[in-house]
Amino acid sequence: MTETKRAVLFDLDGTLLDSLGDLADSMNAVLAEDGLPTHEVDAFRYFIGEGVSLLVERSLPKEKHDPESVQGYLERYRASYGARWHLSKPFAGVPELLDQLQAHGVGLAVVSNKPEVFTKQCVETIFPNWEWDCILGQSDAIPSKPDAAMALHAAERLGVAPENCLFVGDSDIDILTGVNAGMTAVGVSWGFRPEAELRDAGMQHYLETPADLLALI
């Protein structure tokens, strides 16, 4: 009998990458330049996840929520983040997990709502030792998570049926994406959002450590 091909689709920030400090520092630097209130790092756990435009809008005071202001601050945030993302690092245990998955011939993909240019730069620079079959970030070409389109596009690129894919993430957005795509939705304990949020979104499995994923393959 032919073995069923399997794949794992990972969210990036909060799942593979410990990047909260860089995301917070990048936006707070822009806010501080204009004398606007900055935010504690933990606040950014709830600012991120639905795309960079919403991150910027949520960070700004309400009087700056008009489209022109948000667009201006978005451009400045991109420049600020471009100078800071290099300090992000893999979560403990993630490199070892990727080693095991690749050794077992499991397809690997990243599906993120981070802008595609930064998604690809982060993965290719911080995770260069693994063969990524597909790297997708936010773009105008495909609807963002939790729409299923990005996940399904990645599965097609991988040549793996959605029901044979695991979608791994740290937020309700990720869990909903996996559910919407007909994949196994897997939450992680080390990310930016609480377990209850993931369970309410329909999480099917919960990982205490990255190595726990191997039992699901």
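Things to note:
- Residue check, TRP190 part of a loop (DSSP other than H, G, I, E, B), without any contact (Cβ under 8 Å) to a residue 60 or more places away in the chain and either aromatic (Phe, Trp, Tyr) or out of contact with any Leu (no Cβ under 9 Å at 6 or more places or on another chain) (or both): no
- If you filter region 167-184 down to residues that are buried (at least 24 other Cβ atoms within 10 Å of the Cβ) and aliphatic (A, V, I, L, M), you find that the one that is nearest to ARG6 (Cα to Cα) is MET183.
- Of the residues making up region 22-58, those that are assigned to a helix (DSSP H, G or I), of a type in the set (Gly, Ala, Ser) and either touching a Phe, Trp or Tyr at 6+ places or on another chain (Cβ under 9 Å) or at pLDDT 95 or above (or both) are ALA24, SER26, ALA29, ALA32, ALA43.
- Filter result for ALA154 (part of a strand (DSSP E or B) and either buried (at least 21 other Cβ atoms within 10 Å of the Cβ) or outside the structural domain of ALA92 (by TED's automatic domain parsing) (or both)): no
- Considering the conditions (1) free of Cβ contacts under 8 Å to residues at least 60 places away in the same chain; (2) in contact with an Asp or Glu (Cβ under 8 Å, 6 or more places away or on another chain); (3) surrounded by fewer than 23 Cβ atoms within 10 Å (Cβ to Cβ); (4) farther than 14 Å from ALA109 by Cβ, LEU198 is excluded by exactly one of them, (3).
- Boolean, LYS145 is basic (Lys, Arg) and surrounded by fewer than 20 Cβ atoms within 10 Å (Cβ to Cβ): no
The values are calculated or read from the model by the stated rules, or taken from the named source; none is laboratory data. It should be emphasised that the depicted structure is a prediction, and the values quoted were computed from it without experimental measurement. Cβ coordinates were reconstructed from backbone atoms using ideal geometry, including for glycine residues, and neighbour counts include every protein chain displayed.
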